[in-house]
Amino acid sequence: MVAVLILAAFAPFALALPYQLAESDSTRISGGSNATIREIPYIVQINVDGSKTSDCDASIISRLWVVSAAHCLSRMRAANVSIRAGTDKFMRGGVVIRASNIYVHPSYSNITQDYDIGLIRLASPLTIGPNIASITLATKKPAVGASAVVSGWGDLDSTSETIPTQLQKVALPVVSDLECPPVYTPRMICAGYRNGSRSPCYVSVPCSKDLL
């Protein structure tokens, strides 16, 4: 079973990655396809010191806030961080806005990955339009079998460190809690395929109402 981290802005449900996953696999999206920013206008890249040195992306939840994973943000200082919004190209186009503050969930555990969620407050507001929009968060746990669409610019496979120039997306079915590893907590759900044919490894996105 493969899983991803689906974050719902400090809400009760998150989809977490099994902790035994190798570190080298932690930023990979395999078996996906190209996506456009108009399909996924809420995604943003996280830049550190002006370059995409972060392995993490984030999602817009309002004009001044984006949500990502605590395991990403806990290593960052707001003074060094900016986000790039409104583009499906890696490190090109869109708009760049500095971060003013970073907040990590106070109960986050880097051992269990529980409460793996954090927020970035932007120094200036985003301008909402066709290429920049907030995601609508879910209000309840997605049903088993619902399709979870995960997106990002992670490595395309486990044998190379090739970063795609175009935004990628992959769809995974939500899986019953009974089929998930015992390390999952009550705040987690899991999704994926047993054969690992499609896999977003450690990608963080909000849980959209479109999953329901």
Please find, within region 39-79, the residue that is surrounded by the most Cβ atoms within 10 Å (Cβ to Cβ) out of those that are farther than 14 Å from R98 by Cβ and basic (K, R). K52
Please verify whether I117 is over 17 Å from I43 (Cβ atoms) and in the same structural domain as S74 (by TED's automatic domain parsing), treating the condition exactly as stated. no
Filter region 53-72 down to the residues that are within 17 Å of G154 (Cβ to Cβ) and touching a strand residue (DSSP E or B) at 6+ places or on another chain (Cβ under 6 Å) and list them by number. S54, C56, D57, A58, S59, S68, A69
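The values are calculated or read from the model by the stated rules, or taken from the named source; none is laboratory data. The shown structure was predicted, so the numbers you read here are calculated from the model rather than taken from an experiment. Because the Cβ atoms are built from the backbone with ideal geometry, glycine has one as well, and the counts that use them run over all protein chains shown.
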